[in-house]
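Input: a single structure, listed below in structure tokens.
The values are calculated or read from the model by the stated rules, or taken from the named source; none is laboratory data. All of these numbers come straight from a predicted model, not from anything done at the bench. Heavy atoms of the whole protein, side chains included, go into the accessibility calculation; ligands, DNA and RNA do not. Shrake-Rupley method; radii C 1.70, N 1.55, O 1.52, S 1.80 Å.
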Amino acid sequence: MATNAVPVDASRKDEPGVKEVVTHVPDIGPLTVYVKVETVDDFDGKTTEDVQTLRLTVPQEKEQEVVATDDNGEPLKNEDGSDKLTTEKVWAYPALEIDLGKASREKLLKALEPFVSKAREAKTQPVATQGTFTAAKSASPHDLNAIRAWAKGAGHEVADKGRIAAKVIEAYYNSTGKPNPDKS
């Protein structure tokens with residue numbers, strides 16, 4: 001929320017939005033001042049009347065790392081055996097807030113009107129969290145849960161989620177004798 005602290009004299013100390021601030025000034029002692037805290041329009045930086053906070057969920061195009069795959073959907077590998085990563089564009093839907101006065105709200109609504117007039121009502125309310133992305137395509141040919149369970153039992157450090165080191169995957173197949181789909 002954008003705010004301004006405007007100094008006012010002590011006669012206005014009981015008005016709404018006025019705060020008392022006490023600070024210590026060396027060689028003088030305590031100093032009491034009064035400031036009126038005003039919410040300011042984030043767009044124009046000037047308007048303080050009828051400012052309201054609006055919540056927006058606005059799509060934003062971002063880049064996300066995903067496992068690169070060949071034409072058959074198989075993961076591509078680096079020289080060390082780890083999955084080769086690439087980036088792809090995805091849509092994120094962060095929840096945003098902006099404080100706007102009446103004139104700025106009208107500008108926003110006018111700019112959105114051509115899109116809002118063509119939109120339809122959503123069947124469900126969007127759940128917007130910071131960093132929400134579309135699902136990445138990274139289907140692994142490995143049984144990652146089995147590999148994690150074996151690795152933990154064999155003393156390897158592996159996270160409960162995310163990538164598993166190529167050397168741990170290789171050790172799993174060497175130890176269990178199961179066929180490694182990467183070697184087929």
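Working note: 222 nm ellipticity from helices only, DSSP H runs with n ≥ 4, each -39,500 (n - 2.57), summed and divided by the residues of the chain, gives -6000 deg cm²/dmol to the nearest 500. In straight-distance terms, cross-link reach from K36 covers every one of the lysines whose alpha-carbon lies under 17 Å from its own, apart from those fewer than eight places away in the same chain; here that gives K13, K19, K46. Computed across segment 144-184, the Kirkwood radius stands at 10.3 Å (inverse of mean 1/r, all Cα pairs).
Straight Cα distances below 13 angstrom link K178 to the aspartates and glutamates D143, E170, with same-chain residues fewer than 8 positions distant left out.
In order along segment 29-43, the phi-based Karplus estimate (6.51 cos²θ - 1.76 cosθ + 1.60, θ = phi - 60°) of 3J(HN,Hα) comes to x, x, 10, 10, 10, 10, 10, 9, 8, 10, 7, 10, 4, 5, 7 Hz; Gly and Pro are listed as x. Within the straight-line cut-off of under 27 Å between alpha carbons, the lysines reachable from K89 are K62, K77, K118, K123, K137, K161, sequence neighbours fewer than 8 places apart in one chain being disregarded. Quantify, in whole percent, the carbon and sulfur part of the accessible surface of the chain (1.4 Å probe; protein heavy atoms only). Carbon plus sulfur share of accessible area: 51 percent. If you model segment 9-122 as an ellipsoid using its alpha carbon gyration tensor, with each semi-axis the square root of five times an eigenvalue, the axes come out at 51, 27, 9 Å, biggest first. Remark: the chain carries 75 Å² of accessible area per residue (probe radius 1.4 Å; ligands, DNA and RNA excluded).
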